[in-house]
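Okay, so here's the structure we're looking at.
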Amino acid sequence: MNQQNNQYDKNNQNSSTEGAVHKRRVRYKGTHPRAFHEKYKEANPEKYADTIEKVIRKGSTPAGMHISIMVEEILEVLKIQPGEQGLDATLGYGGHTQAMLQCLNGQGHIYALDVDPIESVKTEKRLADKGFGTEILTIRRTNFANIDEVAKEAGKFDFVLADLGVSSMQIDNPERGFSYKVDGPLDLRLNPEQGESAAQRLRSLSQEEFVYMMQENSDEPYAKEIARTVFGQMRKGQYIETTTDLKNAIEKALESVPAKERAEAVKKSCARVFQALRIDVNSEFEVLYDFLEKLPDVLSPGARVAILTFHSGEDRLVKKSFKQLAKAGVYSEVSEDVIRPSAAECNRNPRAKSTKLRWAIKA
(Lines give C-alpha, C1' and ligand atoms only; values in the text may rest on other atoms or scores of the structure.)
Protein backbone atom coordinates (compact mmCIF):
# COMPACT_ATOMS: atom_id res chain seq x y z
CA MET A 1 0.00 0.00 0.00
CA ASN A 2 2.86 2.38 0.86
CA GLN A 3 4.49 1.58 -2.47
CA GLN A 4 1.24 2.40 -4.24
CA ASN A 5 0.92 5.67 -2.34
CA ASN A 6 4.54 6.57 -3.11
CA GLN A 7 3.99 5.81 -6.78
CA TYR A 8 0.79 7.89 -6.72
CA ASP A 9 2.63 10.80 -5.10
CA LYS A 10 5.42 10.52 -7.67
CA ASN A 11 2.98 10.47 -10.57
CA ASN A 12 1.09 13.36 -9.04
CA GLN A 13 4.32 15.38 -8.71
CA ASN A 14 5.26 14.66 -12.32
CA SER A 15 1.79 15.64 -13.42
CA SER A 16 1.88 18.92 -11.50
CA THR A 17 5.38 19.66 -12.79
CA GLU A 18 4.27 19.08 -16.35
CA GLY A 19 1.29 21.30 -15.71
CA ALA A 20 3.54 24.05 -14.37
CA VAL A 21 5.74 23.85 -17.48
CA HIS A 22 2.67 24.00 -19.69
CA LYS A 23 1.39 27.09 -17.84
CA ARG A 24 4.73 28.86 -18.17
CA ARG A 25 4.82 28.45 -21.93
CA VAL A 26 3.85 31.74 -23.52
CA ARG A 27 0.97 31.85 -25.98
CA TYR A 28 1.19 34.20 -28.94
CA LYS A 29 -0.70 34.99 -32.13
CA GLY A 30 0.60 33.88 -35.52
CA THR A 31 3.46 31.54 -36.36
CA HIS A 32 6.26 33.53 -34.72
CA PRO A 33 6.46 35.35 -31.38
CA ARG A 34 6.78 39.13 -31.70
CA ALA A 35 6.77 40.63 -28.20
CA PHE A 36 9.86 40.34 -26.00
CA HIS A 37 8.17 38.22 -23.31
CA GLU A 38 6.82 35.77 -25.93
CA LYS A 39 10.25 34.78 -27.26
CA TYR A 40 10.85 31.96 -24.78
CA LYS A 41 13.15 30.05 -27.15
CA GLU A 42 15.44 33.04 -27.66
CA ALA A 43 15.61 33.51 -23.89
CA ASN A 44 16.96 29.94 -23.51
CA PRO A 45 20.05 29.82 -25.76
CA GLU A 46 21.43 26.60 -24.25
CA LYS A 47 18.19 24.74 -24.94
CA TYR A 48 17.28 26.25 -28.32
CA ALA A 49 20.68 26.74 -30.01
CA ASP A 50 19.24 26.30 -33.53
CA THR A 51 16.73 29.11 -32.99
CA ILE A 52 19.46 31.39 -31.64
CA GLU A 53 21.67 30.73 -34.67
CA LYS A 54 18.82 31.50 -37.09
CA VAL A 55 18.08 34.83 -35.35
CA ILE A 56 21.77 35.85 -35.40
CA ARG A 57 22.15 34.86 -39.07
CA LYS A 58 19.33 37.27 -39.90
CA GLY A 59 21.35 40.11 -38.32
CA SER A 60 19.22 40.32 -35.18
CA THR A 61 20.02 39.89 -31.50
CA PRO A 62 18.00 37.16 -29.74
CA ALA A 63 15.70 38.39 -26.97
CA GLY A 64 17.40 38.39 -23.57
CA MET A 65 20.85 38.01 -25.14
CA HIS A 66 23.75 40.27 -26.02
CA ILE A 67 26.24 39.63 -28.80
CA SER A 68 29.68 40.76 -27.66
CA ILE A 69 31.38 43.20 -30.01
CA MET A 70 34.96 43.11 -31.35
CA VAL A 71 36.03 40.14 -29.21
CA GLU A 72 39.01 39.22 -31.39
CA GLU A 73 40.27 42.80 -31.59
CA ILE A 74 40.00 43.20 -27.80
CA LEU A 75 41.91 39.98 -27.12
CA GLU A 76 44.60 41.07 -29.59
CA VAL A 77 45.00 44.38 -27.71
CA LEU A 78 44.94 42.88 -24.20
CA LYS A 79 47.32 39.97 -24.93
CA ILE A 80 46.10 38.08 -21.86
CA GLN A 81 48.47 35.48 -20.40
CA PRO A 82 47.66 32.67 -17.93
CA GLY A 83 48.33 33.76 -14.36
CA GLU A 84 47.45 37.42 -14.91
CA GLN A 85 44.79 39.39 -13.04
CA GLY A 86 42.27 41.40 -15.02
CA LEU A 87 39.22 43.60 -14.69
CA ASP A 88 36.08 43.63 -16.80
CA ALA A 89 34.68 46.99 -15.73
CA THR A 90 31.31 46.34 -17.41
CA LEU A 91 30.23 42.70 -17.07
CA GLY A 92 26.92 42.87 -18.96
CA TYR A 93 25.97 39.54 -20.59
CA GLY A 94 29.46 38.21 -19.87
CA GLY A 95 30.61 37.43 -23.42
CA HIS A 96 33.81 39.45 -23.17
CA THR A 97 34.41 38.13 -19.66
CA GLN A 98 34.10 34.53 -20.84
CA ALA A 99 36.54 35.10 -23.71
CA MET A 100 39.08 36.65 -21.32
CA LEU A 101 38.62 33.86 -18.77
CA GLN A 102 39.34 31.29 -21.48
CA CYS A 103 42.64 33.08 -22.20
CA LEU A 104 43.66 32.57 -18.56
CA ASN A 105 43.38 28.80 -19.03
CA GLY A 106 42.43 28.29 -15.38
CA GLN A 107 45.34 30.35 -14.01
CA GLY A 108 44.83 33.90 -12.75
CA HIS A 109 41.72 35.85 -11.86
CA ILE A 110 39.22 38.33 -13.26
CA TYR A 111 37.16 40.86 -11.33
CA ALA A 112 33.98 41.95 -13.09
CA LEU A 113 31.74 44.90 -12.21
CA ASP A 114 28.12 45.74 -13.01
CA VAL A 115 25.49 47.97 -11.40
CA ASP A 116 22.54 46.12 -12.93
CA PRO A 117 21.02 43.97 -10.14
CA ILE A 118 18.79 42.13 -12.60
CA GLU A 119 21.17 41.06 -15.38
CA SER A 120 24.33 40.61 -13.28
CA VAL A 121 22.69 37.78 -11.30
CA LYS A 122 21.77 35.98 -14.53
CA THR A 123 25.27 36.45 -15.93
CA GLU A 124 26.94 35.18 -12.75
CA LYS A 125 24.89 31.97 -12.92
CA ARG A 126 25.50 31.60 -16.67
CA LEU A 127 29.28 31.83 -16.22
CA ALA A 128 29.26 29.55 -13.17
CA ASP A 129 27.35 26.93 -15.17
CA LYS A 130 30.14 27.08 -17.76
CA GLY A 131 32.74 26.33 -15.11
CA PHE A 132 33.88 29.85 -14.20
CA GLY A 133 33.35 29.92 -10.45
CA THR A 134 34.65 32.10 -7.66
CA GLU A 135 38.11 30.57 -7.81
CA ILE A 136 38.77 32.43 -11.08
CA LEU A 137 36.00 35.07 -11.23
CA THR A 138 34.82 37.64 -8.69
CA ILE A 139 31.74 39.72 -9.52
CA ARG A 140 31.08 42.97 -7.69
CA ARG A 141 27.80 44.86 -8.07
CA THR A 142 29.24 48.33 -8.16
CA ASN A 143 29.75 51.17 -10.61
CA PHE A 144 32.99 51.06 -12.58
CA ALA A 145 33.80 54.53 -11.27
CA ASN A 146 34.66 52.67 -8.05
CA ILE A 147 37.67 50.81 -9.49
CA ASP A 148 39.90 52.30 -6.79
CA GLU A 149 37.79 50.57 -4.11
CA VAL A 150 37.89 47.28 -6.03
CA ALA A 151 41.69 47.55 -6.39
CA LYS A 152 42.04 47.90 -2.60
CA GLU A 153 40.61 44.40 -2.36
CA ALA A 154 42.08 42.87 -5.51
CA GLY A 155 45.44 44.59 -6.00
CA LYS A 156 46.58 45.96 -9.35
CA PHE A 157 45.44 44.67 -12.72
CA ASP A 158 47.41 43.41 -15.72
CA PHE A 159 44.58 44.10 -18.17
CA VAL A 160 41.34 46.10 -18.09
CA LEU A 161 38.34 46.18 -20.43
CA ALA A 162 35.49 48.70 -20.35
CA ASP A 163 32.60 48.26 -22.80
CA LEU A 164 30.57 51.45 -22.46
CA GLY A 165 27.56 50.27 -24.44
CA VAL A 166 24.16 49.35 -23.05
CA SER A 167 23.54 45.60 -23.32
CA SER A 168 20.97 44.29 -25.78
CA MET A 169 19.00 42.49 -23.07
CA GLN A 170 18.50 45.87 -21.37
CA ILE A 171 17.55 47.64 -24.60
CA ASP A 172 15.09 44.98 -25.76
CA ASN A 173 13.26 44.44 -22.47
CA PRO A 174 10.22 46.81 -22.52
CA GLU A 175 10.15 46.92 -18.71
CA ARG A 176 13.53 48.70 -18.66
CA GLY A 177 12.34 51.56 -20.89
CA PHE A 178 15.51 51.91 -22.98
CA SER A 179 13.95 51.75 -26.45
CA TYR A 180 11.44 53.95 -28.24
CA LYS A 181 10.55 50.95 -30.43
CA VAL A 182 8.53 49.16 -27.72
CA ASP A 183 6.07 50.54 -25.20
CA GLY A 184 7.12 50.50 -21.57
CA PRO A 185 7.79 52.75 -18.58
CA LEU A 186 10.23 55.56 -19.38
CA ASP A 187 12.91 54.37 -16.97
CA LEU A 188 16.38 54.12 -18.60
CA ARG A 189 18.22 53.38 -15.34
CA LEU A 190 21.02 50.81 -15.46
CA ASN A 191 20.20 50.15 -11.82
CA PRO A 192 16.41 50.50 -11.47
CA GLU A 193 16.73 50.28 -7.68
CA GLN A 194 18.52 53.63 -7.39
CA GLY A 195 17.99 57.22 -8.49
CA GLU A 196 15.30 58.85 -10.62
CA SER A 197 13.72 57.27 -13.67
CA ALA A 198 13.81 59.27 -16.91
CA ALA A 199 10.12 60.10 -16.47
CA GLN A 200 10.84 61.55 -13.00
CA ARG A 201 13.90 63.35 -14.32
CA LEU A 202 11.86 65.12 -16.99
CA ARG A 203 9.55 66.53 -14.31
CA SER A 204 12.48 67.96 -12.37
CA LEU A 205 14.08 69.74 -15.36
CA SER A 206 13.32 73.14 -16.80
CA GLN A 207 12.64 73.43 -20.52
CA GLU A 208 16.02 75.14 -21.03
CA GLU A 209 17.83 72.38 -19.14
CA PHE A 210 16.20 69.73 -21.33
CA VAL A 211 17.34 71.59 -24.46
CA TYR A 212 20.90 71.75 -23.12
CA MET A 213 20.84 68.05 -22.19
CA MET A 214 19.82 66.98 -25.69
CA GLN A 215 22.38 69.22 -27.35
CA GLU A 216 25.22 68.28 -25.01
CA ASN A 217 24.58 64.51 -24.76
CA SER A 218 23.49 63.68 -28.30
CA ASP A 219 23.84 66.74 -30.59
CA GLU A 220 20.07 66.75 -31.19
CA PRO A 221 19.31 69.33 -33.95
CA TYR A 222 15.62 69.60 -33.02
CA ALA A 223 16.26 70.02 -29.29
CA LYS A 224 14.30 73.28 -28.94
CA GLU A 225 11.28 72.01 -30.87
CA ILE A 226 11.17 68.75 -28.90
CA ALA A 227 11.56 70.50 -25.54
CA ARG A 228 8.83 72.99 -26.46
CA THR A 229 6.41 70.16 -27.29
CA VAL A 230 7.28 67.99 -24.27
CA PHE A 231 7.01 70.84 -21.77
CA GLY A 232 3.91 72.23 -23.47
CA GLN A 233 2.21 68.89 -22.85
CA MET A 234 3.44 68.63 -19.27
CA ARG A 235 2.16 72.12 -18.45
CA LYS A 236 -1.28 70.82 -19.46
CA GLY A 237 -0.88 67.85 -17.11
CA GLN A 238 0.02 65.42 -19.91
CA TYR A 239 3.14 63.93 -18.31
CA ILE A 240 5.62 61.78 -20.23
CA GLU A 241 5.39 58.46 -18.40
CA THR A 242 6.13 55.87 -21.09
CA THR A 243 8.49 55.34 -24.00
CA THR A 244 5.54 55.74 -26.37
CA ASP A 245 4.56 59.06 -24.74
CA LEU A 246 8.02 60.44 -25.50
CA LYS A 247 8.10 59.01 -29.02
CA ASN A 248 4.69 60.57 -29.79
CA ALA A 249 5.85 63.93 -28.45
CA ILE A 250 8.93 63.80 -30.70
CA GLU A 251 6.75 62.94 -33.70
CA LYS A 252 4.52 65.92 -32.92
CA ALA A 253 7.52 68.23 -32.52
CA LEU A 254 8.82 67.26 -35.96
CA GLU A 255 5.55 67.76 -37.85
CA SER A 256 7.10 70.72 -39.70
CA VAL A 257 9.79 68.49 -41.24
CA PRO A 258 9.00 67.76 -44.94
CA ALA A 259 6.88 64.63 -45.31
CA LYS A 260 9.51 62.74 -47.35
CA GLU A 261 12.14 63.26 -44.63
CA ARG A 262 9.94 63.04 -41.54
CA ALA A 263 9.99 59.31 -40.79
CA GLU A 264 13.79 59.14 -40.86
CA ALA A 265 14.12 62.39 -38.89
CA VAL A 266 11.77 61.09 -36.18
CA LYS A 267 13.66 57.79 -35.99
CA LYS A 268 17.03 59.52 -35.55
CA SER A 269 15.70 62.09 -33.08
CA CYS A 270 14.08 59.35 -30.97
CA ALA A 271 17.40 57.50 -30.78
CA ARG A 272 19.28 60.69 -29.84
CA VAL A 273 16.76 61.88 -27.24
CA PHE A 274 16.62 58.49 -25.53
CA GLN A 275 20.43 58.44 -25.53
CA ALA A 276 20.59 61.93 -24.02
CA LEU A 277 18.17 60.99 -21.24
CA ARG A 278 19.96 57.70 -20.53
CA ILE A 279 23.32 59.47 -20.23
CA ASP A 280 21.83 62.01 -17.85
CA VAL A 281 19.86 59.57 -15.69
CA ASN A 282 22.92 57.34 -15.19
CA SER A 283 25.47 60.21 -14.95
CA GLU A 284 27.43 58.40 -17.64
CA PHE A 285 29.90 61.19 -18.48
CA GLU A 286 30.68 61.83 -14.81
CA VAL A 287 31.17 58.10 -14.20
CA LEU A 288 33.46 57.76 -17.22
CA TYR A 289 35.49 60.79 -16.16
CA ASP A 290 36.02 59.29 -12.69
CA PHE A 291 36.96 55.92 -14.20
CA LEU A 292 39.54 57.43 -16.57
CA GLU A 293 41.04 59.54 -13.78
CA LYS A 294 41.43 56.57 -11.41
CA LEU A 295 42.44 54.03 -14.07
CA PRO A 296 46.25 54.52 -14.07
CA ASP A 297 46.49 53.93 -10.31
CA VAL A 298 44.95 50.45 -10.54
CA LEU A 299 47.26 49.23 -13.34
CA SER A 300 50.45 47.22 -13.02
CA PRO A 301 53.46 48.38 -15.08
CA GLY A 302 52.91 47.27 -18.67
CA ALA A 303 49.18 46.67 -18.13
CA ARG A 304 46.94 46.89 -21.20
CA VAL A 305 43.62 48.76 -21.36
CA ALA A 306 40.87 48.48 -24.00
CA ILE A 307 37.79 50.73 -24.05
CA LEU A 308 34.79 50.40 -26.37
CA THR A 309 32.76 53.58 -26.95
CA PHE A 310 29.48 54.05 -28.82
CA HIS A 311 29.03 57.78 -29.30
CA SER A 312 31.22 60.80 -29.92
CA GLY A 313 30.98 62.23 -26.38
CA GLU A 314 32.42 59.07 -24.84
CA ASP A 315 35.11 58.74 -27.46
CA ARG A 316 36.25 62.35 -26.98
CA LEU A 317 36.70 61.78 -23.25
CA VAL A 318 38.69 58.57 -23.74
CA LYS A 319 40.87 60.05 -26.50
CA LYS A 320 41.63 63.18 -24.47
CA SER A 321 42.49 61.22 -21.32
CA PHE A 322 44.77 58.75 -23.13
CA LYS A 323 46.63 61.49 -25.01
CA GLN A 324 47.12 63.70 -21.95
CA LEU A 325 48.37 60.82 -19.81
CA ALA A 326 50.65 59.56 -22.59
CA LYS A 327 52.17 63.03 -22.84
CA ALA A 328 52.69 62.99 -19.05
CA GLY A 329 54.45 59.63 -19.28
CA VAL A 330 51.74 57.67 -17.47
CA TYR A 331 51.03 55.56 -20.56
CA SER A 332 53.93 54.34 -22.68
CA GLU A 333 51.75 53.94 -25.74
CA VAL A 334 48.17 54.75 -26.80
CA SER A 335 46.17 54.09 -29.96
CA GLU A 336 46.64 56.83 -32.51
CA ASP A 337 43.46 55.94 -34.37
CA VAL A 338 40.28 54.14 -33.38
CA ILE A 339 39.80 50.51 -34.32
CA ARG A 340 36.44 49.76 -35.93
CA PRO A 341 34.52 46.49 -36.19
CA SER A 342 34.82 44.67 -39.50
CA ALA A 343 32.15 44.91 -42.18
CA ALA A 344 31.39 41.22 -41.63
CA GLU A 345 30.75 41.81 -37.92
CA CYS A 346 28.50 44.80 -38.63
CA ASN A 347 26.48 42.70 -41.08
CA ARG A 348 26.12 39.95 -38.48
CA ASN A 349 25.43 42.39 -35.64
CA PRO A 350 24.16 45.83 -36.79
CA ARG A 351 24.48 47.16 -33.22
CA ALA A 352 28.27 47.05 -33.68
CA LYS A 353 28.30 49.78 -36.34
CA SER A 354 28.91 52.77 -34.06
CA THR A 355 31.61 51.05 -31.98
CA LYS A 356 35.10 52.52 -31.54
CA LEU A 357 37.95 50.75 -29.75
CA ARG A 358 40.86 52.65 -28.16
CA TRP A 359 43.71 51.19 -26.15
CA ALA A 360 46.56 52.23 -23.87
CA ILE A 361 49.58 50.60 -22.19
CA LYS A 362 50.73 51.60 -18.70
CA ALA A 363 54.33 52.79 -18.52
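For the range 221-244, a residue qualifies if it is under 16 Å from residue 276 (Cβ atoms), open to solvent by less than 60 Å² (accessible area, probe 1.4 Å) and either basic (Lys, Arg) or not in a loop (DSSP other than H, G, I, E, B) (or both), and the qualifying residues are 223, 226, 227, 229, 230, 231, 243. Checked against (1) of a type in the set (D, E, K, R); (2) open to solvent by 50 Å² or more (accessible area, probe 1.4 Å); (3) over 30 Å from residue 312 (Cβ atoms), residue 126 meets all criteria but (2).
Could you tell me which residue of the range 144-170 is modelled with the lowest pLDDT, considering only residues that are within 13 Å of the chain's Cα centre (by Cα), of a type in the set (A, V, I, L, M, F, W, C) and open to solvent by less than 10 Å² (accessible area, probe 1.4 Å)? Here the answer is 169.
Looking at this structure, is residue 255 free of Cβ contacts under 8 Å to residues at least 24 places away in the same chain and acidic (Asp, Glu)? Walk me through how you get there before you give the answer.
Values: free of Cβ contacts under 8 Å to residues at least 24 places away in the same chain: yes; acidic (Asp, Glu): yes.
When the stated conditions are applied, residue 255 passes them.
Scan the range 318-338 for residues that are of a type outside the set (D, E, K, R) and open to solvent by 50 Å² or more (accessible area, probe 1.4 Å) and jot them down. Scanning the range 318-338 gives 324, 328, 332. Among the residues of the range 205-215, those that are open to solvent by less than 60 Å² (accessible area, probe 1.4 Å) and assigned to a helix (DSSP H, G or I) comprise 207, 210, 211, 213, 214.
Residue by residue, here is whether (1) surrounded by fewer than 23 Cβ atoms within 10 Å (Cβ to Cβ); (2) at pLDDT 95 or above holds:
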| position | (1), (2) |
| --- | --- |
| 47 | yes, no |
| 57 | yes, no |
| 60 | yes, no |
| 63 | yes, no |
| 79 | yes, yes |
| 101 | no, yes |
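Residues in the range 246-269 that are under 23 Å from the mean Cα position of the chain (by Cα) and crowded, with 17+ Cβ neighbours inside 10 Å were compared, and the one that is farthest from residue 182 (Cα to Cα) is 269. All conditions but one from (1) among the acidic types (Asp, Glu); (2) more than 20 Å from the chain's Cα centre (by Cα); (3) surrounded by 14 or more Cβ atoms within 10 Å (Cβ to Cβ) apply to residue 315; the one that does not is (2). In the range 199-207, the count of residues that are closer than 24 Å to residue 239 by Cα, out of contact with any helix residue (DSSP H, G or I) (no Cβ under 6 Å at 6 or more places or on another chain) and touching a residue at least 40 places away in the same chain (Cβ under 8 Å) is one or more. For residue 218, indicate whether it is polar (S, T, N, Q), over 30 Å from residue 359 (Cα atoms) and surrounded by 20 or more Cβ atoms within 10 Å (Cβ to Cβ). For residue 218, the condition - polar (S, T, N, Q), over 30 Å from residue 359 (Cα atoms) and surrounded by 20 or more Cβ atoms within 10 Å (Cβ to Cβ) - is not met. Is there a residue being at negative phi, under 29 Å from the mean Cα position of the chain (by Cα), assigned to a helix (DSSP H, G or I) and buried (at least 18 other Cβ atoms within 10 Å of the Cβ) anywhere in the range 190-197? Within the range 190-197, none of the residues are at negative phi, under 29 Å from the mean Cα position of the chain (by Cα), assigned to a helix (DSSP H, G or I) and buried (at least 18 other Cβ atoms within 10 Å of the Cβ).
Taking the conditions (1) open to solvent by 60 Å² or more (accessible area, probe 1.4 Å); (2) touching a His at 6+ places or on another chain (Cβ under 9 Å) in turn, residue 279 satisfies each one other than (1). When residue 307 is tested against the conditions (1) modelled with pLDDT under 95; (2) within 23 Å of the chain's Cα centre (by Cα), the lone failure is (1). Among the residues of the range 293-312, those identified as open to solvent by less than 10 Å² (accessible area, probe 1.4 Å) and either acidic (Asp, Glu) or over 30 Å from residue 248 (Cα atoms) (or both) are 295, 298, 299, 303, 305, 306, 307, 308.
The values are calculated or read from the model by the stated rules, or taken from the named source; none is laboratory data. In this text the structure is predicted, and so the values were computed from the model without any measurement. With ideal geometry, Cβ positions are generated from the backbone for all residues, glycine too; neighbour counts draw on all protein chains shown. Ligands, DNA and RNA are excluded from the accessible area calculation, which covers all protein heavy atoms including side chains. Shrake-Rupley method; radii C 1.70, N 1.55, O 1.52, S 1.80 Å.
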